[in-house]
Amino acid sequence: MKPFQYLSPIQEFEYLKPRTLDEALSIVSKFNGVAKVIAGGTDLTIALKELLVKPQAVVDINGLKEIRYIRDDGGIIRIGALTTFDEIYRSGLINKYARCLAQAAYNVGTWQIRNLATLGGNIANASPAADGATPLISLDAHVHIKSINNERDVPIIDMFLGPKKSALNSNELITEVYFKKDELANCGWARIGRRNANTISVVNVAVNISLADGKYRAARIGLGSVGPTPLYAKKASEYLIGKEASSATISQAAKIAMDESNPISDIRGTKIYRLSMVKYLTEKLLNNLTYGGIN
Amino acid sequence: MATIELETKSEVLRRIDVSEKVAGKLRYTTDMIEVEALYVKVVRSAMPHAMIESIDISQAKETPGVIRVITSHDVPGENLIGFFTRDQPLLAEDRVRFIGEAVALVVAENPVSAMTAVNSVKISYKPLPAILDIDSALSPDAIKIHEDGNIKESFVIKKGNVESAFEKSDIVIEGRYSFPYQEHAYLETEACLAMPTEGGITVIGSMQVPFAVERAVRTVLGNAVNKVRVIQAPTGGGFGGKEDAPDEVCAHAALAAYLTGRPALLAYNRKESIIFHPKRHPGYIKRKLGATRDGILTALSETIMLDGGAYMSLTPRVIFQSVATATGPYLIPNVDIEGKGVYTNKVPCGAFRGFGKPQSQFAAELQMDELAKELKMDPLELRLKNLIKEGSELPWGQRLGDGIGILQCAIRVKEMAEWEEKRQKYGVVDSKGIARGIGLALAMHGTSIGPLGIDVGSAIIELDENGKIVVKNSLTEYGQGIYTGWIEIVSRALNVDKGLIEVIYPDTSIMYDSGPTVASRSTAVGGRAIYEAAINFKSAILKAASQMIGVKPHRLSLEGDSIKSIENPNNRLSLKDIASMARKNGQTIKGEAWVNMNQGSYWDREKGRGVPWKSYSFAAHVAEVEVDINSGKVNVVNYYAVHDSGKILKRSLAESQVYGGVVQGLGYALMEDLHFKDGKLLSNSFLDYMIPTFADTPNIYVDFIETYNEDGPFGAKGLGEVPIEPVAPAIANAIYNAIGKPIRAFPFTSERVFSALQGD
């Protein structure tokens, strides 16, 4: 008897721990949707305890070292799906070329959660508030997905179909996230939370820009917690490209980003507050990235 | 009482319970794994207000692993619980009054079976109109939640003539102030293990008041059992939340154990805990304060409305405390204060650290700053002009004696916080959009229960056969460090080594009822009883040793680990030797004491006059904030707290109480609240119920002003509650200073402050 389990009992299921990616892919293919994949387990364990999911099997992919890495592949930064947020936050490469992702990684949950939670899991879980999603949108990242006899590359924004609904099929695994290394780009991430640490974002924003001759050569803005999925602020991003950097331009881009977002009111914040904060954070990040300073 | 040298500031905190807790070795209720217990789960109401037409347990009973499904028909005694007023069914019979109310129990061999069966109990309801806020409850055509109507309790205090005083006042400030729920969020959720014994039941659980649990179990089991024994297990936090909630939890476990004849464990996960246990009362206050142009207060008219939820819980006493300290520590010649607690179809509200005062002090202290602004006067100066002092008469006619340290607290906190310099400098927005502010609040809190309840304490101190001095007191340790404090008292009173003193966990079969562990009374009342029992123990052991050593008692001295002759120190016996000789002689060496704190206090309800408390603790707090005016985000950066809780027995423990109170108050001020939709509690986990983390915690600077309290052990007064009381208003006033306008409702979430800045 284990009273510890009593407070949140876990139902019985088959536990499988593949040692290679191929083995893992054949297992998920075989179970055809009645298995759940566990990586860090920071989302799945809660669902299991509350009997919200009742899988026949749980496939533990933590043994797949082949998809746990961060590397510079000559012009492309590649992050294995099993890489934890703690590893991302500590990576020199990420801090140099994708600071927004390092900032977001540092703000995911607590130390304990960051030690377990993986980037692949954060994408697969498809929360509209996922802190890892907005930086990847601003970096124009792609997701590499494999199944037993297929593989495909999906732009990060197309991974999110709805609240907690991703484009990943039940016979597939995310193996990698990658994006182009841009020496001229500069990105930042910021959020509004209900406290200073370990909190779900009320709004989070990532902005990635590169400047040439005082003009925006490239710009991408990602918005979180302001729609059914993480959003790419397409109009605001495109508005900036080719424009001379100025306070007026920045302010206008922030307003367009606000108009592109579509938040709901819930117990974490109202629609009207979220809209105001999209504008404020976008403007603040653009100012900081354009003119320097702290964000 | 004796005075002794105070602990020096440099002494290292050494709580006797700390190493077991840090090492994870202390066994809480759910760690008692050697008992093969059945698992109990509660089936709860899904409706805020409804008649129950039927409860179908047939499918639940058939679930594999289920031993029994229990409904109200199975209760052998009275199907009622309630701390003062038994108004809540142990298991709902024909009506439910909030979502989460217990309707049935499932007892199973394993937890998954229990959970599965809970979901298959079918309850058919006939909905009634649900009353979800105070004003709807008071509407004349509102449905009555209980037979007597929707008002639980009211108290009134009147003095002088407010009407004519307002007419003569130069300035009158009027406002409506509102405040949120607060959840206790103790680390350990509720748990109870009940075991059938020959003709009785033994209950072990997480609780603040073992004798209340014993009464609850006796009530519901009635004549079915003879012997009820309640043992407090190590308890991971209470803050008032485990004052009455364990009555229900343990009565459910005991019922399951009685009906199955097997040990039964009932433990809640976080969601269950948040859904059912009583909270801090939300509500509002309408307040009108008059003053002269010189800043002398003239009149106060105030109505306090507390939302008490579906059952009585501790509401009557809470509302009394709100009313009794509505003025704050200020002299106001004319007052008309009324407080009401009302029933609504939501989770009951009851005891929570501060007990009605955080609400009324918020309104009182914010309004003082509004008045100061109107008068163009420094808020501290305004307070000092009106402060109570030795000899002042309180609104209920009580004349204050000695030991009123509020003025010294205010002066000390002003120095610590560099109040004047910062107040000059703050209140402007810098280039980054940050506005700094500094705010102040004072508080007063009566020590112990007062005349509305039985306020007696008791203790037994005895020598066990190994020469250990065993302390028995039914007041409970649930995180305060009270055992460390008691050992300090016994060691000082007897002049013996601390290592020889042992405090044992409460067990109703071997102790007297020392009253509830509430109302900042563990040191002041429990400690006093222990001190007196120690003095009686000293007489007893000296008398026994006198016969053994052959020297008259008054020529003997107790010191360290032995008793020796004063004339001939070599003529000595260790406590161990005395214990084994006593054992052979068939002798008991023991001291007992009862202290009655009701003596000298009274309350006349009709007239609203009396002596509700004999001594008062005081506090003066200052908060310094930074407000991001673009997002409304408030960061508390520095916090200063000065307290008068009489003589401080253990400085390090006292400081810990203040740190904890400040952080809990900071959560209350900035982020904590419960959200409901159609009566359903949405903030039912720590994902959505925010409490502060270290990243939200400011630098906290603490100091004490040590007055002397005649009634307390070595001059001590209560300290447990007062640290939370000035926090929300101090932060409110700091925000007011930063942004230039008062916000009369909290928590001060970013969104609320942002809206205020936008002018909503």
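With labels modelled as points extended 7 Å from the Cα through the Cβ direction, what inter-label distance (nm, one decimal) is found for B:Thr260 paired with B:Lys144?
Once both label points are built, they end up 4.0 nm from each other.
Using +1 on the beta carbon of Lys and Arg, -1 on that of Asp and Glu, and nothing else charged, what's the dipole of chain A about the Cα centre, debye to 20?
Values: 36 positive and 28 negative charges, 139 e Å.
It comes to approximately 660 debye.
Towards the positive end of the charge dipole of the stretch B:456-596, with charges on Cβ (+1 Lys, Arg; -1 Asp, Glu), say which of B:Ile482, B:Asn466, B:Gly526 has the farthest Cα.
Ranked along the dipole, the leading option is B:Asn466.
Among DSSP bridges having both ends in the stretch B:456-596, what percentage is antiparallel? Round to the nearest 5. Mind showing how you got there, number by number?
Numbers: 18 of 22 bridges.
Counting only bridges with both partners in the stretch B:456-596, antiparallel ones make up about 80 percent.
What is the Å³ per residue value for the convex hull set by the Cα atoms of the stretch B:506-546?
74
Which percent of the accessible area of the stretch B:397-468 is formed by carbon and sulfur heavy atoms (probe 1.4 angstrom)? Before the final figure, lay out each step's value.
On the way: 1430 of 3100 Å².
The C+S portion of the solvent-accessible surface of the stretch B:397-468 is 46 percent.
Could you sort the residues of the stretch B:649-693 by number and keep only those whose accessible area is reduced by 30 Å² or more in the all-protein-chain setting relative to the chain alone, 1.4 Å probe?
For the stretch B:649-693, once contacts with the other chains are taken into account, B:His675, B:Leu687, B:Asp688, B:Met690, B:Thr693 lose 30 Å² or more.
Determine ³J(HN,Hα), in whole Hz, for all residues of the stretch B:620-628 in sequence, where each value follows from phi through the Karplus function 6.51 cos²θ - 1.76 cosθ + 1.60 and θ = phi - 60°; x replaces Gly and Pro.
10, 10, 10, 10, 10, 10, 10, 10, 7
Could you work out what % of the accessible surface of the stretch B:555-634 is carbon and sulfur, using a 1.4 angstrom probe and leaving DNA, RNA and ligands out of the count? If you can, show how the numbers build up before the last one.
Working: 1620 of 3820 Å².
Of all accessible area on the stretch B:555-634, carbon and sulfur atoms account for 42 percent.
Excluding ligands, DNA and RNA, what is the solvent-accessible area per residue of the protein assembly as shown at a probe of 1.4 Å, expressed in Å²?
Working: 40100 Å² over 1055 residues.
So the protein assembly as shown comes to 38 Å² accessible per residue, rounded to a whole number.
In Å, what is the Rg of the alpha-carbon atoms in the stretch B:456-596, and how long is Dmax?
15.1, 47
Contact order normalised by length for chain B, with contacts defined as Cα pairs under 8 Å and 6 or more residues apart; what percent is it?
Computed over chain B, the figure is 16 percent.
Given Cβ point charges of +1 (Lys, Arg) and -1 (Asp, Glu) and nothing else, what value in debye, to the nearest 20, does the dipole of chain B about its Cα centre take? Each step should come with its number before you reach the end.
Values: 83 positive and 93 negative charges, 171 e Å.
Approximately 820 debye in magnitude.
Please identify which residues in the stretch B:591-629 have an amide N closer than 18 Å to a label point set 7 Å out from the Cα of B:Arg399, following the Cα→Cβ vector.
B:600-602, B:609-616
For the charge dipole of chain B, defined by +1 on Lys and Arg C-beta atoms and -1 on Asp and Glu C-beta atoms about the Cα centroid, which residue among B:Ile131, B:Asn536, B:Asn638 has the Cα displaced farthest towards the positive pole?
Of the candidates, B:Asn536 comes out farthest on the positive side.
Placing unit charges on C-beta atoms (Lys and Arg positive, Asp and Glu negative, everything else neutral), compute the dipole magnitude of the stretch B:456-596 about its Cα centre in debye, rounded to 20.
Numbers: 16 positive and 15 negative charges, 91 e Å.
Charge dipole of the stretch B:456-596: 440 debye, to the nearest 20.
For B:Lys389 and B:Ile296 in one chain, what is 0.36 nm times their gap in residues minus the Cα-Cα distance, to one decimal in nm?
Details: separation 93, 0.36 × 93 = 33.48 nm, distance 1.52 nm.
Extra length from B:Lys389 to B:Ile296 when fully extended: 32.0 nm.
Long-range amide H contacts for B:Ile67: which residues qualify at under 5 Å (H placed 1.01 Å from N, peptide plane, sequence gap of 5 or more or a different chain)?
The list, which skips near neighbours in sequence, is B:Val107, B:Ala108, B:Glu109.
222 nm [θ] for chain B, helices only, -39500 (n - 2.57) per DSSP H run of 4+, per residue, to 500? Don't skip to the end; give the middle numbers.
Values: 19 runs with 216 residues, N = 760.
Theoretical 222 nm ellipticity from helices: -8500 deg cm²/dmol.
Quick one: the Cα spread of the protein assembly as shown along its three principal axes, in angstroms, biggest first?
98, 75, 72
Count the net charge of all other residues whose Cβ sits under 13 Å from the Cβ of B:Lys271, scoring Lys and Arg as +1 and Asp and Glu as -1. If you can, show how the numbers build up before the last one.
Values: positive: A:Lys49, B:Lys41, B:Arg44, B:Arg270, B:Lys680; negative: A:Glu50, B:Glu183, B:Glu190, B:Glu272, B:Asp688.
Local charge sum for B:Lys271: 0.
Given the stretch B:197-318, what whole percent of its Cα pairs are spread farther than 25 Å?
Working: 3082 of 7381 pairs.
Summing the P(r) tail past 25 Å for the stretch B:197-318 gives 42 percent.
Whose amide H sits under 5 Å from the amide H of B:Ile131, counting only residues 5 or more places off or on another chain, with H placed in the peptide plane?
Distant-sequence amide H within range of B:Ile131: B:Asn345.
Need one number: the % of Cα-Cα pairs in chain B sitting beyond the 42 Å mark. Spell out each step's value before the answer.
Details: 92804 of 288420 pairs.
Percentage above 42 Å: 32.
Residue-wise, which Karplus ³J(HN,Hα) couplings in Hz belong to the stretch B:579-585, taking 6.51 cos²θ - 1.76 cosθ + 1.60, θ = phi - 60°, and x for glycine or proline?
Per residue, the Karplus-derived 3J(HN,Hα) values read 5, 6, 5, 4, 4, 5, 6 Hz.
Of B:Pro333, B:Gly356, B:Met368, which is farthest along the charge dipole of the stretch B:318-381 in the positive direction, counting Lys and Arg as +1 and Asp and Glu as -1 at C-beta?
So the residue furthest toward the plus end is B:Gly356.
So in the protein assembly as shown, what percent of DSSP beta bridges are antiparallel if you round to the nearest 5? Don't jump to the answer; show the numbers that get you there.
Numbers: 152 of 188 bridges.
Around 80 percent antiparallel, to the nearest 5.
With θ set to phi - 60°, apply the Karplus curve 6.51 cos²θ - 1.76 cosθ + 1.60 along the stretch A:204-214 and write out the HN-Hα couplings as whole Hz, x wherever there is a Gly or Pro.
These are the phi-based 3J(HN,Hα) values: 9, 9, 10, 10, 10, 9, 9, 10, 9, 6, x Hz.
Show A:Ser166, B:Ser58 ordered by accessible area, largest first, where the area counts protein heavy atoms only and the probe is 1.4 Å. Before the final figure, lay out each step's value.
Working: A:Ser166 25, B:Ser58 65 Å².
Highest to lowest solvent-accessible surface, that is B:Ser58, A:Ser166.
Give me the residues in the stretch B:630-645 whose solvent-accessible area, probe 1.4 Å, is reduced by at least 20 Å² once all protein chains are included instead of the chain isolated.
Output list: B:Asn630, B:Ser631, B:Lys633.
Hey, can you list the residues from the stretch B:33-48 whose accessible area shrinks by 20 Å² or more with all protein chains present, relative to the chain by itself (probe 1.4 Å, no ligands or nucleic acids)?
Residues of the stretch B:33-48 that lose at least 20 Å² of accessible area once the other chains are added: B:Ile33, B:Glu36, B:Tyr39, B:Lys41.
My understanding is that a pair violates if its Cα-Cα distance is over 29 Å; which of B:Lys21/B:Lys498; B:Lys422/B:Lys614; B:Lys288/B:Lys432; B:Lys373/B:Lys432; B:Lys158/B:Lys614 do that in this structure? Please report the intermediate quantities before stating the final value.
Numbers: B:Lys21/B:Lys498 20 Å; B:Lys422/B:Lys614 37 Å; B:Lys288/B:Lys432 38 Å; B:Lys373/B:Lys432 26 Å; B:Lys158/B:Lys614 20 Å.
The pairs that break the limit, which is 29 Å between Cα atoms, are B:Lys422/B:Lys614; B:Lys288/B:Lys432.
Over the stretch B:456-596, what is the mean sequence separation of C-alpha contacts under 8 Å (at least six apart), divided by residue count, expressed as relative contact order in percent? Walk me through the numbers before you get to the answer.
Working: 268 pairs, mean separation 50.8, N = 141.
RCO, the stretch B:456-596: 36 percent.
Can you pick out the pairs among A:Lys165/A:Lys271; A:Lys165/B:Lys677; B:Lys286/B:Lys607; A:Lys180/A:Lys271; A:Lys17/A:Lys165 whose Cα atoms lie more than 29 Å from each other? Spell out each step's value before the answer.
Details: A:Lys165/A:Lys271 22 Å; A:Lys165/B:Lys677 25 Å; B:Lys286/B:Lys607 22 Å; A:Lys180/A:Lys271 34 Å; A:Lys17/A:Lys165 25 Å.
The answer is A:Lys180/A:Lys271.
Please give the total accessible area that chains A and B bury against each other, computed with a 1.4 Å probe and expressed in Å² to the nearest 100. Present the calculation step by step, with values, prior to reporting the outcome.
Details: alone 14260 and 28760 Å², together 40100 Å².
Chains A and B together bury roughly 2900 Å² of accessible area.
Can you give me the C-alpha center-to-center distance between the stretch B:618-658 and the stretch A:242-259, rounded to a whole angstrom?
Each part's Cα centre sits 42 Å from the other's.
Amide H to amide H under 5 Å from B:Gly283: which residues, 5+ apart in sequence or cross-chain, H placed 1.01 Å off N in plane?
Result for B:Gly283 returns B:Phe179, B:Asp307.
How many angstrom separate the Cα center of the stretch B:244-278 from the Cα center of the stretch B:21-91?
That distance is 5 Å.
Using 27 Å as the Cα-Cα cut-off, could you pick out the over-long pairs in B:Lys340/B:Lys472; A:Lys181/B:Lys633; A:Lys215/A:Lys255; B:Lys41/B:Lys680? The partial results should precede the final answer.
Details: B:Lys340/B:Lys472 39 Å; A:Lys181/B:Lys633 35 Å; A:Lys215/A:Lys255 19 Å; B:Lys41/B:Lys680 20 Å.
Where the Cα-Cα span goes over 27 Å, the pairs concerned are B:Lys340/B:Lys472; A:Lys181/B:Lys633.
Using only helices, what value at 222 nm comes out for chain A when you add -39,500 (n - 2.57) per DSSP H run of length 4 or more and divide by the total residues, to the nearest 500 deg cm²/dmol?
Numbers: 12 runs with 102 residues, N = 295.
Helices in chain A give a 222 nm mean residue ellipticity of -9500 deg cm²/dmol.
Is chain A rounded, prolate or oblate when judged by the Cα gyration tensor, a ≥ b ≥ c being the square roots of its eigenvalues, rounded requiring a/c under 1.5 and prolate requiring a/b larger than b/c? It would help to have the intermediate numbers written out before the result.
On the way: a/c = 2.13, a/b = 1.59, b/c = 1.34.
Because a/c hits 1.5 or more and a/b exceeds b/c, chain A counts as prolate.
Counting pairs of alpha carbon atoms under 8 Å apart in space and at least six apart in sequence, what relative contact order in percent does the stretch B:195-246 give? Kindly include the intermediate steps, with their values, before the conclusion.
Values: 67 pairs, mean separation 25.9, N = 52.
50 percent.
The values are calculated or read from the model by the stated rules, or taken from the named source; none is laboratory data. Please read all numbers here as calculations on a predicted model, not as lab measurements. Here Cβ is always computed from backbone atoms with ideal geometry, including for glycine, and neighbour counts include all displayed protein chains. The area values use the complete protein model at the heavy-atom level, side chains included, leaving out ligands, DNA and RNA. Shrake-Rupley method; radii C 1.70, N 1.55, O 1.52, S 1.80 Å.
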